[in-house]
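Q: Take a look at the following structure, please.
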Amino acid sequence: MRVLTKDILQAAKQGDPEITVQGWVHRVRELGGISFVILRDRSGLGQLVFDEKPDLTLESVIKVQGIATLNEKAPGGAEVRVKTLVYLSKAAPDLPYQVNGDPAKVGLETILDHRGLSVRHPRLQAIFRIQATIIEAFGAYLRSQDFIEIKTSKLVGSGTEGGTELFEVDYFDRKVYLAQSPQFYKETMVASGMERVFEIAPAYRAEKHDTPRHLNEYVSLDVEMGFIESELDLIELERGALAYIFEEVARKNSAELALHGASVPSPDMVVKAPVVPYEEAVKLASAEAVKGKGQTARIFDINPEAERFICDWAMREHGSDLVFVNEFPRRYRPFYTYPKDTGDGKAASTMSFDALFRGLEITTGGRRQHDYNAFLETLPRFGLKPEGFGGYLKLLKYGCPPHGGFAIGCERLTQKILGLANIKEASLFPRDRKRVEP
Ligand code: AMO
C-alpha cells in the first residue's frame, strides 16, 4: 500500500534515488532562497525541495521528478530534491478558506459546504478511511458467520418504524416513501430461506429536530437472523461483529486514529460487555445522576442523559465502553417485538435491546413475533387493525422461523470511535432540515 514518506525514504536509501511523485500542494514555505513544499497524496504528506521559488498555488495538482535524499528534519526522514515540475491542474489562488489549517478552527458549516476541499485535510479524511474499515469489517465478519448480503428497495409503500418520520416521494401517479429501515425486507429474506442476511444501505428519517446525534439520512448496518431463541443470541452476534470491527480499525487505521487522539476498545472487553435489563438500567442511571449532581434524579426512561449515565456506570464497574440494555417494556417497543415471558402471563417486557457505546445508543434490535396467530392477537393491544399489515401477515402465514435482528448506525459508531462532537462530521454529505447541498 502507498505510503508517500516511506516510498521517498526507501528511494533515498537505495542506489537509485530517482523518484516521481504526484499530488496536491498542501503547504509552501520559503527559507533562504530554497522552497519547501509539502505534497499530499492519498497516503499523507511528503516534503519536496525546490532550489528556485516555484510558481505554485496551494492545492494545485503537480507531478515532480527528482532525487530522494535523506533529511532527518523532513517528514518520514527524507525529501525529494526536485528536478522537473509538471502542473497537472493549477488551483485558483482564492481558496474559500484555509484548507491546510486546523479543522477545529474552521466552522462545521464551512467544512460541510466545501466537502471537496475539506476532506483534503488528513484529519478529516481519516474519519472516512475509518468509516470504510467499519463497513468492510462489518460485512466480512457477517460473511464469516454465514450471512449473505442483500440490497433492498428504499422506495416503500409504508413505514416500519412509525408513520410520522417518513419522507414522501412522488411515484408516477401516487405517493410512496423513503425507507426508514429495511426491517420488513430483511425479515422477509430470513423467512424466504436465506436464514441469515445483512444489508448496508441508507435509511431515511424525516425527523425535524437538529441534534448532534441525528441525521435525516444515515447508513444503517442491518442484520437479521433466523432460528434464535432470544435477544441474547443477537447481543452475542453484535459483540462479535463490534470486536472484529474494532480489531480491524486498530490494525488498518492506527495513523488515522492517532490524528484524532482516539483509540478503539479492546476486542476482549467488547465480547464481555455487560447486559443490563431495562428496569435496572433506569435505576442505575438515576443513581449515577444523584451521584453526579448531588440532587434527586429525575430519570424515568432511557433518554440521552440516561445513556451517558449508564455508560459511566459500565466504564466504572466493568471497564467497558460498551453496554447492552435489554428487556425494554412493551410500551417502548414496536408491536412486532417478541414478548418476554416473565412466568406470570403478563409479558410486560420484550426480547429487545439497545447497545450504548461511549454515551450514545448505536444499536436497536430484538427478536420479532414470528407466530401468525400471536401476531394477530397482539395488534388490537396496540390499537392496530390487521388490514394495514397485509405484507407482514403474508410473511408470517407461510412458515416463518423464530428470528430477530438489529441495526447499527454507521455514522454514530464512527462518531463515537473518534469522539466527534457532531454526527454530521461523520457523514460525507449530511442531510439535515436545511442542508441538501453539496
Ligand atoms: P432504530 O430506529 O433504533 O431501529 O435505528 C437503529 C440505529 O440506527 C441509528 N439511527 C440513526 N443514526 C443517525 N440519525 C438518525 N436519525 C438515526 N436513527 C437511527 C442509531 C440506532 O441505534 N429497525 C430497527 C432495527 C432493528 O430492530 O433491526 C431500527 O431501525 O444508531
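Q: Please compute the length gained on full extension between Leu428 and Lys394, using 0.36 nm multiplied by the number of residues separating them and subtracting their Cα-Cα distance. Before the final figure, lay out the partial values.
A: Values: separation 34, 0.36 × 34 = 12.24 nm, distance 3.85 nm.
Here the answer is 8.4 nm.
Q: Give me the one-decimal nm value for the distance between modelled label points at Met1 and Arg251, 7 Å along each residue's Cα-to-Cβ direction.
A: 1.1
Q: Something else about it: From largest to smallest, what semi-axes in whole angstrom does the chain give when each is the square root of 5 times an eigenvalue of its alpha carbon gyration tensor? Don't jump to the answer; show the numbers that get you there.
A: Numbers: eigenvalues 480, 115, 87 Å².
The three semi-axes for the chain are 49, 24, 21 Å.
Q: Round to the nearest 10 and give me the degree value, 0 to 90, for the angle of helix 304-318's Cα axis relative to the longest principal axis of the chain.
A: Compared with the principal axis, the helix lies near 80 degrees.
Q: Right, next: Find out how many positive minus negative residues lie around Arg331, taking Lys and Arg as positive, Asp and Glu as negative, among other residues whose Cβ is under 12 Å from that of Arg331.
A: Details: positive: Arg330, Arg333, Arg381; negative: Asp301.
Its environment carries a net charge of +2.
Q: Quick check on packing: order 251-260, 278-287 by the mean number of other C-beta atoms within 10 Å, highest mean leading. List each step's numbers first, then the result.
A: Working: 251-260: 16.0, 278-287: 18.9.
The densest-packed peptide leads the list: 278-287, 251-260.
Q: Given R₀ = 60 Å, what would the calculated FRET efficiency be for Asp102 paired with Asp341, taking r from the Cβ atoms and rounding to 0.05? Please report the intermediate quantities before stating the final value.
A: Values: r = 56 Å, r/R0 = 0.93.
According to the calculation, E is roughly 0.60.
Q: Hey, fewest Cβ within 10 Å first, where do Met351, Met189, Met1 land in order?
A: Values: Met351 27, Met189 21, Met1 6.
With the fewest neighbours first, Met351, Met189, Met1 line up as Met1, Met189, Met351.
Q: What residue among Ala426, Ala262, Ala273 shows peak mean-square fluctuation when the chain is described by a Gaussian network model with Cα springs under 10 Å?
A: It is Ala262.
Q: Taking 7 Å along the Cα-to-C-beta vector as the label spot, tell me the Ala287-Met194 distance in nanometres, rounded to one decimal.
A: My value for the distance between the label points is 4.3 nm.
Q: Running a GNM on the chain with Cα contacts under 10 Å, which residue among Phe184, Phe382, Phe128 ends up with the highest mean-square fluctuation?
A: Comparing Phe184, Phe382, Phe128 in a Gaussian network model of the chain, the most mobile one is Phe382.
Q: Based on the mean of other Cβ atoms within 10 Å per residue, sort peptides 63-72, 94-103 so the most packed one is first. Don't skip to the end; give the middle numbers.
A: Numbers: 63-72: 16.4, 94-103: 13.2.
Descending mean neighbour count gives 63-72, 94-103.
Q: For Leu395, Leu31, what's the fewest-to-most ordering of other Cβ within 10 Å of each Cβ? Kindly include the intermediate steps, with their values, before the conclusion.
A: Working: Leu395 22, Leu31 8.
Final ranking by Cβ density, sparse to dense: Leu31, Leu395.
Q: Go ahead and run the numbers for FRET between Gln22 and Glu109, Cβ-Cβ distance against an R0 of 30 Å, rounding to 0.05.
A: Working: r = 32 Å, r/R0 = 1.06.
It comes to 0.40.
Q: Please report the relative contact order for the stretch 282-438, taking Cα pairs under 8 Å with a sequence separation of at least 6, and give it as a percent rounded to a whole number. Intermediate results must be reported in sequence, preceding the final value.
A: Numbers: 217 pairs, mean separation 24.3, N = 157.
About 16 percent, as a whole number.
Q: While we're here: GNM, the chain, Cα, under 10 Å: largest mean-square fluctuation among Gly139, Gly319, Gly157?
A: Taking springs between Cα atoms under 10 Å, the residue moving most is Gly157.
Q: I've got another one for you. Place a point 7 Å from Cα of Glu30 in the direction of its Cβ. Which residues in the stretch 76-110 have their backbone N less than 17 Å from it?
A: Residues 93 fall inside that zone.
Q: Also, I was wondering about something else. What is the spin-label model distance, in nm, from Ala348 to Lys272 if the labels are put 7 Å beyond Cα along the C-beta direction?
A: Once both label points are built, they end up 3.3 nm from each other.
Q: Per the helix-only calculation at 222 nm, which mean residue ellipticity applies to the chain, given -39500 (n - 2.57) for every DSSP H run of n ≥ 4 and division by its residues, nearest 500 deg cm²/dmol?
A: Working: 13 runs with 141 residues, N = 438.
Using -39500 (n - 2.57) per qualifying helix, the result is -9500 deg cm²/dmol.
Q: Sticking with this structure for a sec: Can you put His114, His26 in order of Cβ neighbours within 10 angstrom, beginning with the fewest? Don't skip to the answer; put the middle values down first.
A: Numbers: His114 17, His26 20.
Going from least to most buried by this count: His114, His26.
Q: Rounded if a/c is under 1.5, else prolate if a/b beats b/c, else oblate: with a ≥ b ≥ c from the C-alpha gyration tensor eigenvalues square-rooted, which is the stretch 1-137? Provide the component values of the computation, followed by the final result.
A: Working: a/c = 2.15, a/b = 1.35, b/c = 1.59.
The shape class here is oblate.
Values in this text are rule-based calculations from the coordinates and carry no lab data. Owing to the predicted nature of the structure, the values given are computational and were not obtained by experimental measurement. Neighbour counts are summed over all protein chains in view; Cβ atoms, including those assigned to glycine, are modelled from backbone coordinates with ideal geometry.
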